[in-house]
Structure formats: C-alpha cells, structure tokens
Amino acid sequence: MTDTFNTLVNPKMKIPKEAYKISGISNDMVKKAPTIERALPELISFIGDNVLIAHNAPFDMKFLLYNAYKLNLQIKNPVIDTLWLCRRLFPDLKNHKLPTVAKALKIPLESAHRSLDDAHATAEIFLRCIELLNKRDEEKAAARKAAK
C-alpha cells in the first residue's frame with residue numbers, strides 16, 4: 001500500500017471562476033481547509049527526502065518553492081518530470097497534457113486537475129515510461145549481443 005497525502009488548501013481569497021471551471025474546486029470546498037502555512041509543512045514532512053514525480057513539474061515546483069521560501073522552508077528533493085519523458089517517448093501524440101497521455105496509455109484519470117487523481121495517473125505514466133525505457137535497453141543489449 002502506498003501512503004497518500006491529499007488536502008485542499010484555503011487560498012484566503014475567492015477562487016476565480018476560470019479556476020473553478022478547470023478544477024471543480026469551489027469556495028465552499030476550501031472554506032475550512034488548511035492554509036498554505038499549515039498544509040505545506042505537512043506536505044514537506046510527508047515527502048521527506050523522496051524523489052518527486054510530476055507532470056509538468058516546473059509548474060508545480062514554482063508554486064511549492066515560492067511558498068516554501070515565504071515560510072522559510074526548504075524543498076531539495078530530486079524531481080522527475082513525466083511531461084519531459086512523454087515528449088521524448090511518445091512524440092506522435094497530438095499534445096502531451098496529462099489527460100492526453102493517460103488516455104493514450106489507457107490509464108484511468110477520473111478527475112483531471114484534482115491533485116490525487118492527477119498524482120495516481122502521473123505515477124502510472126511514470127511506471128509505463130520506465131517499462132518502455134527498460135524494454136528499449138533490453139532490445140539494444142540483445143542487438144549488441146547478436147551483432148558480436
């Protein structure tokens with residue numbers, strides 16, 4: 001079993017309509033949620049020194065690092081970006097957005113733009129990318145062996 005960390009964060013401001021349309025997260029849903037001042041230290045404690053894996057990691061990391069800096073916290077974890085991997089491994093996709101890649105790899109993505117569902121899909125995408133890279137390495141090794 002894999003542990004999970006999942007929380008909404010109270011942004012201490014009204015959620016713009018555009019953001020609501022994308023995420024489905026309403027002002028009522030975050031009213032009693034922890035603020036970033038409480039949620040981010042809990043997240044940092046949860047992740048420890050583990051490698052972080054995200055789809056379009058720079059987008060998420062900018063938010064996390066900015067808020068960590070404001071709170072005098074540090075995030076020094078190594079980060080793997082599945083978007084970068086997917087662009088290289090699946091160049092023929094029409095785009096490399098998380099829902100597009102998940103659909104192409106037949107990975108369920110119930111609620112795109114909701115952190116836990118996105119995280120599960122990203123984990124599966126990462127595992128598929130590793131499987132593909134391992135298979136390519138095995139094929140190259142077999143070809144080198146056959147060429148000798």
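We did not get these values from a lab; they are worked out from the coordinates using the rules stated. Predicted, not measured: the structure shown is a model, and the values here were computed from it. Don't worry about glycine lacking a Cβ; one is built from the backbone with ideal geometry, like all the others, and counts go over all protein chains shown.
The table below lists the values:
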{"item": "Estimated [θ] at 222 nm from DSSP helical runs (n ≥ 4, -39500 (n - 2.57)) normalised by residues in the chain, nearest 500", "result": "-18000 deg cm²/dmol"}
{"item": "Scaled radius of gyration (Cα, divided by 2.2 N^0.38 Å) that segment 1-44 gives", "result": "1.28"}
{"item": "Net charge over other residues, Cβ less than 14 angstrom from the Cβ of Ile47 (K, R count +1; D, E count -1)", "result": "-3"}
{"item": "Cα shape, segment 1-88, gyration tensor, a/c 1.5 rule", "result": "oblate"}
{"item": "Charge tally in the Cβ shell below 12 Å around Glu37, where Lys, Arg are +1 and Asp, Glu are -1, Glu37 excluded", "result": "+2"}
{"item": "Nearest-20 debye value, the chain charge dipole, Cβ charges on Lys, Arg, Asp, Glu", "result": "480"}
{"item": "Surrounding net charge for Lys145, when Lys and Arg each add one and Asp and Glu each subtract one, Cβ distance under 12 Å", "result": "+1"}
{"item": "From the C-alpha gyration tensor of the chain, square roots of 5λ in Å", "result": "34, 19, 13"}
{"item": "Given Lys106/Lys135; Lys14/Lys94; Lys31/Lys103; Lys21/Lys103, the pairs whose alpha carbons are separated by over 28 Å", "result": "Lys14/Lys94; Lys31/Lys103"}
{"item": "Of the GluC sites (Glu not before Pro) in segment 74-148, those whose Cβ has at most 11 other Cβ within 10 Å and which sit in DSSP loop", "result": "Glu110"}
{"item": "Length-normalised contact order of the chain in % [C-alpha pairs under 8 Å, at least 6 apart]", "result": "19"}
{"item": "Segment 1-92: trypsin sites (Lys or Arg not before Pro) in DSSP coil with no more than 13 other Cβ atoms inside 10 Å", "result": "Lys12, Lys14, Lys31, Lys32, Lys76"}
{"item": "Projected label distance in nm at Leu71 and Asp137, using a 7 Å step from Cα toward the beta-carbon", "result": "3.6"}
